[in-house]
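**Student:** Quick one: structure below, then a few questions.
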Amino acid sequence: MYEDILAKVMGYQTIIIHRHSKPDFDAIGSQVGLKEILVENFPNKHIFVVGDQNRFDMENDMQSIPDELYADALVFILDVAVKHMVSDDRYKLAKEVIVIDHHKNACDIENATLVLSDSTFSACAELITDMALELNLKINPRAASFLYAGMVTDTGRFQWMHKPERVFLIASMLTGFGAKTTELYDFLYVETLESKQMKNYFSNRFVFEDGVAYLKNDKEVFDKFDVDVFTVSRGMVNLAAGIDTIKIWLNFTYDAEKNIILGEFRSRGIKIVDIAKKYGGGGHEQACGASLQSWTQVDEVIADYKQLLKENN
């Protein structure tokens, strides 16, 4: 499959790289990392990255491009294989589309020419790096830094790995290519006093019942703190991690813009993704999510996870 992807790249002058909306660092890292690899190895091609922005687009890499560029373009869609989650649906205008993902969701992107989906990889950035290494493509320090960042974040600082021996080997190789490690950890984990105090507020609001922790964030949260939905949804879920009696922890956040409730689901040692899929979501076996329509549905999700925990005890 790697060789097939390379053959497609060789046949196009314009390449546009997409990923999922509300990106985490694996999505951004894979996207920018792939762009840097392509620019390094094919300097005469026109390579673009597009999509919504948040703090993980730390160097403002996302670009505004006209629709006309898509007509003769090859599009990559990274870290997602379901169409409703792709950021910027202009991928539909492309001449060809390649999907590269590491989640367990089946691909429903109709115009995908090639689909590389391998859930044995712990991060899409790991998969992108593996492909580059196998194809003997040059990886410059900036590409290495973004790809390393994607691996660090999607493995929870190397806590959750499908194949640890491969993860550490690839991470080591990326540091050899010049990945900036200290700068990354400072960017991710050094925060303001106000941010720390805000996390304490959310941490104290978790409810702990029957081995499950859950947090509900309605619109009043955003009146109290000047933060975006992603910061509350993805950023607060793991405040309940690492508690010996809590095997599943959940975070539900109201998104006023889309009038949905974003569910983030995490676990330790228990496969939880099937329940996420039941509600139209997906992701990793122990780190997944879904978009929910009501707080009643939120309570149904909580009940399902409590039942799952009983079945696994």
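The values are calculated or read from the model by the stated rules, or taken from the named source; none is laboratory data. Keep in mind that this is a model prediction, so the values were computed, not measured. Ideal geometry is used to build each Cβ from the backbone, glycine not excepted, and the neighbour counts take in all protein chains shown. We work out accessible area using only protein heavy atoms, side chains counted, and drop any ligands, DNA or RNA first. Shrake-Rupley method; radii C 1.70, N 1.55, O 1.52, S 1.80 Å.
**Student:** Of the accessible area of the range 1-84, with the probe set at 1.4 angstrom, what percent is carbon plus sulfur?
**Tutor:** Working: 1610 of 3320 Å².
So the carbon and sulfur contribution to the accessible surface is 49 percent.
**Student:** Tell me, what is the FRET efficiency for Thr192 and Asn136 to the nearest 0.05, using R0 = 30 angstrom and their Cβ-Cβ distance as r?
**Tutor:** That gives a FRET efficiency of 0.10.
**Student:** Here's a follow-up. Please find, in a Gaussian network model of the chain (springs between Cα atoms separated by less than 10 Å), the residue of Ala213, Ala241, Ala171 whose mean-square fluctuation is greatest.
**Tutor:** Largest GNM mean-square fluctuation: Ala241.
**Student:** Checking the a/c ratio against 1.5 first, then a/b against b/c, what shape does the Cα gyration tensor give for the chain? Before the final figure, lay out the partial values.
**Tutor:** Details: a/c = 1.70, a/b = 1.59, b/c = 1.07.
Cα axes put the chain in the prolate bin.
**Student:** Could you tell me the accessible area of His84 in Å² (1.4 Å probe, neighbours in place), rounded to the nearest ten?
**Tutor:** 130 Å²
**Student:** As I understand it, the value is the acute angle between the Cα axis of helix 295-311 and the longest principal axis of the Cα atoms of the chain; what does it come to in degrees, rounded to 10?
**Tutor:** The answer is roughly 90 degrees.
**Student:** Read phi for every residue in the range 181-187 and hand back ³J(HN,Hα) as whole Hz from Karplus 6.51 cos²θ - 1.76 cosθ + 1.60, θ = phi - 60°, with x for Gly and Pro.
**Tutor:** Once θ is set to phi - 60°, the couplings for the range 181-187 become 9, 4, 4, 5, 5, 5, 4 Hz.
**Student:** Could you give the dipole magnitude of the range 1-103 about its Cα centre, charging the beta-carbon of Lys and Arg +1 and that of Asp and Glu -1, in debye to the nearest 20? Before the final figure, lay out the partial values.
**Tutor:** On the way: 10 positive and 18 negative charges, 38 e Å.
It works out to roughly 180 debye.
**Student:** Which of the listed residues, Gly29, Pro66, Ile98, is farthest toward the dipole's positive end in the chain, when Lys, Arg count +1 and Asp, Glu count -1 at the beta-carbon?
**Tutor:** Gly29
**Student:** Once you've got the GNM for the chain with C-alpha springs shorter than 10 Å, pick whichever of Val273, Val227, Val152 has the biggest mean-square fluctuation.
**Tutor:** So, out of Val273, Val227, Val152, the one fluctuating most is Val227.
**Student:** Measuring with a 1.4 Å probe in the full set of protein chains, what accessible area per residue, in whole Å², belongs to the range 59-147?
**Tutor:** Values: 3600 Å² over 89 residues.
Using a 1.4 Å probe on heavy atoms only, each residue of the range 59-147 averages 40 Å².
**Student:** Could you give the alpha-carbon Rg of the range 1-142 over 2.2 N^0.38 Å, rounded to two decimals? Present the calculation step by step, with values, prior to reporting the outcome.
**Tutor:** Details: Rg = 13.5 Å, N = 142, 2.2 N^0.38 = 14.5 Å.
That ratio works out to 0.93.
**Student:** Turning to a different aspect of this structure: Name the long-range amide H neighbours of Asp255: under 5 Å, sequence gap of 5 or more, or other chain; modelled H, no Pro or chain starts.
**Tutor:** Ile260, Ile261, Leu262
**Student:** Now, a different point. Please compute the per residue accessible area over the range 195-289 with all protein chains in place, 1.4 Å probe, rounded to a whole number of Å². Provide the component values of the computation, followed by the final result.
**Tutor:** Values: 4490 Å² over 95 residues.
On a per-residue basis, the range 195-289 sits at 47 Å².
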